[in-house]
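Written out below as structure tokens is the structure these notes cover.
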Amino acid sequence: MAIPFLKEMRIGGYMLKQKLLGRKRYPLVLMLEPLFRCNLACAGCGKIDYPDAILNRRMTAQECWDAADECGAPMVAIPGGEPLIHKEIGEIVRGLVARKKFVSLCTNALLLEKKLDLFEPSPYLFFSVHLDGMRDHHDKSVSQKGVFDRAVSAIKAAKARGFAVNVNATIFDGHAAEDIAKFLDFTSELGVGVSMSPGYAYERAPDQEHFLNRTKTKRLFRDVFALGKGKKWNFMHSGLFLDFLAGNQEFECTPWGMPARNIFGWQKPCYLLGEGYAKTFKELMDTTEWDSYGTGKYEKCANCMAHCGYEPTAANTAFSHPFKALAVALRGIRTKGPMAPEIDLSKQRPAQYVFSEQVQKKLSEIRRDETLAAQQKASTAA
Ligand code: SF4
Ligand code: SF4
């Protein structure tokens, strides 16, 4: 997640406050998913494989604002689905900006140019455009030709209107380091910052063959960073997280650092894994068995190096051990030499498969709500 200077100041102040209050676990970024419906169907997406009754559900603007207030994180990322499909998205963002939340609106940009009038440029708002690589690579990744060109056109239009724009790239196995480096050069020419994350192996994604394991992730990022020596790629990540991607840090996941709220409720334990839902943020924090998640603890976490689990770890480390962060800032990302020891996977608990049960439960709730609404309508009419 992007944390430029103004944000760093605010987030540093927020973290200091949490430490002074003695809080062991606190959120940095709310991952707000107001809908799962999308206008693309990417091969590596694990967010859109739901029946229509669920894809048609939306969080209301009030529910989104309540989630931000309840959670208290200084930043709100709005992924999805495609948030620009949500009819109240302009209002949702306005309400969050009015609360002085740093808002990252994640979009595939197909609707961005058309919907720019819904938003006003603000130091609290930036668009994070999904772009996985150069034209052929990206269009293949999103399973549709022409998307890269439309996204680039939308980025230019948004920048011309004074909006802050970044791109977010998900990296899969088979993406050559040289091609990623060319893509990063291109983002520099476009004048946008970049966030990158290795794709998490979603169990519901159509393409299960191209997720990176941790060893391949670290080798690939080392190769990319080696190609970037002397270049000024503008990463929207802390140096420590990048150093972790290159295999130089022994981090454990911090799943509560980026809690996720969607139409099901507060998702346990993180944005990537839906193993249960809580009705309130407090219930999420109090009832999730945090120690049962993370690499080495749970099979579904075995290959994860995603930013939503490990960027908060990097932020906490930078806060608690500023010299460690300074050392990385001074020496740069190390791309040679031995890597930090890998987490032992021999004691992880096996995966549990709860997706169908959760979907059935939600569908029953939707049917019950529809029946109640119909009964109320009938009694009002009578
Ligand atoms: S654009 Fe995002 S939400 Fe939509 S299908 Fe692709 S990865 Fe999924
Ligand atoms: S390692 Fe952490 S962020 Fe990754 S899936 Fe597991 S709990 Fe979520």
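The values are calculated or read from the model by the stated rules, or taken from the named source; none is laboratory data. Worth saying up front: this structure is predicted, and the values here are computed from it rather than measured. Cβ: placed from backbone, ideal geometry, glycine included. Neighbour counts: every protein chain shown. Keep in mind that these areas ignore ligands, DNA and RNA; they rest on the heavy atoms of the full protein, side chains included. Shrake-Rupley method; radii C 1.70, N 1.55, O 1.52, S 1.80 Å.
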So which aspartates and glutamates pass the test for residue 232, namely a Cα distance under 12 Å, with those fewer than 8 places away in the same chain ruled out? 185, 189
I'd like the distance separating the alpha-carbon centroids of the range 81-122 and the range 210-247, in whole Å. 29
So what's the projected area for the chain, the Cα convex hull averaged over all directions, in nm²? 19.6
Take the Cα coordinates of the range 128-187, assign each an equal point scatterer, and use the Debye formula without solvent to give log10 I(q)/I(0) at q = 0.13, 0.20, 0.26 Å⁻¹. -0.33, -0.74, -1.14
So, R0 is 22 Å and r is the distance between the beta-carbons of residue 188 and residue 153; what FRET efficiency does that work out to, to 0.05? 0.75
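Answer rounded, prolate or oblate for the range 137-242, using the Cα gyration tensor with square roots of eigenvalues a ≥ b ≥ c: rounded when a/c is under 1.5, else prolate when a/b is larger than b/c, else oblate. Don't skip to the end; give the middle numbers.
Numbers: a/c = 1.90, a/b = 1.20, b/c = 1.58.
In terms of gyration-tensor shape, oblate.
Using a 1.4 Å probe on the protein chains only, how many percent of the accessible area of the chain belongs to carbon and sulfur? Each step should come with its number before you reach the end.
Values: 9470 of 17710 Å².
Its accessible area is 53 percent carbon and sulfur atoms.
Just to confirm the filter: which trypsin sites (Lys or Arg not before Pro) across the range 271-321 are DSSP coil and have at most 11 other Cβ within 10 angstrom of their Cβ? List each step's numbers first, then the result.
Values: sites: 279, 282, 297, 300; in loops: 279, 297.
Passing both the DSSP loop test and the Cβ count: 279.
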I want to check the label-to-label distance for residue 234 and residue 160. Put each point 7 Å from Cα in the C-beta direction and report it in nm to one decimal. 1.8
Measure nothing but the geometry: give the 0 to 90° angle between the long axis through the Cα atoms of 307-320 and the longest principal axis through the Cα atoms of the chain, rounded to 10°. 60
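Quick one: which of 19/282; 101/300; 7/229; 300/361; 140/300 span more than 20 angstrom between C-alpha atoms? Walk me through the intermediate numbers first.
On the way: 19/282 18 Å; 101/300 31 Å; 7/229 26 Å; 300/361 22 Å; 140/300 26 Å.
As for pairs spanning more than 20 Å Cα to Cα, those are 101/300; 7/229; 300/361; 140/300.
Roughly what % of DSSP beta bridges within the chain run antiparallel, to the nearest 5?
Working: 6 of 33 bridges.
Here the share of antiparallel DSSP bridges comes out near 20 percent.
With charges set only on the Cβ (+1 for Lys and Arg, -1 for Asp and Glu), what does the dipole of the chain come to about its Cα centre, in debye to the nearest 20?
Details: 52 positive and 43 negative charges, 176 e Å.
My answer is approximately 840 debye.
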Grab the other residues whose beta carbon is less than 12 angstrom from that of residue 112, score K and R as +1, D and E as -1, and report the net. +3
Tell me which of 22, 85, 323 sits at the most positive position along the dipole axis of the chain, charges placed on C-beta atoms (Lys, Arg +1; Asp, Glu -1). 323
Which Cα, out of 240, 292, 264, lies furthest along the positive dipole direction of the range 232-336 (beta carbon charges, K/R +1, D/E -1)? 240
Quick one: which residues, 5+ away or cross-chain, put their amide H under 5 Å from the amide H of residue 195? H built at 1.01 Å from N. 167, 168, 169, 236
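In Å², and per residue, what accessible area does the chain have when probed at 1.4 Å with the other protein chains present? Show your work: numbers first, answer last.
Values: 17710 Å² over 382 residues.
Per-residue value: 46 Å².
Using packing as a proxy for protection, rank 285-296, 265-276, 347-358 so that the peptide with the highest average count of other Cβ atoms within 10 Å comes first. Write out the running numbers ahead of the final one.
Working: 285-296: 15.9, 265-276: 22.4, 347-358: 11.7.
Going from most to least packed, we get 265-276, 285-296, 347-358.
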Give me the net charge for the shell around residue 50: Cβ to Cβ below 12 angstrom, other residues only, Lys and Arg +1, Asp and Glu -1. +2
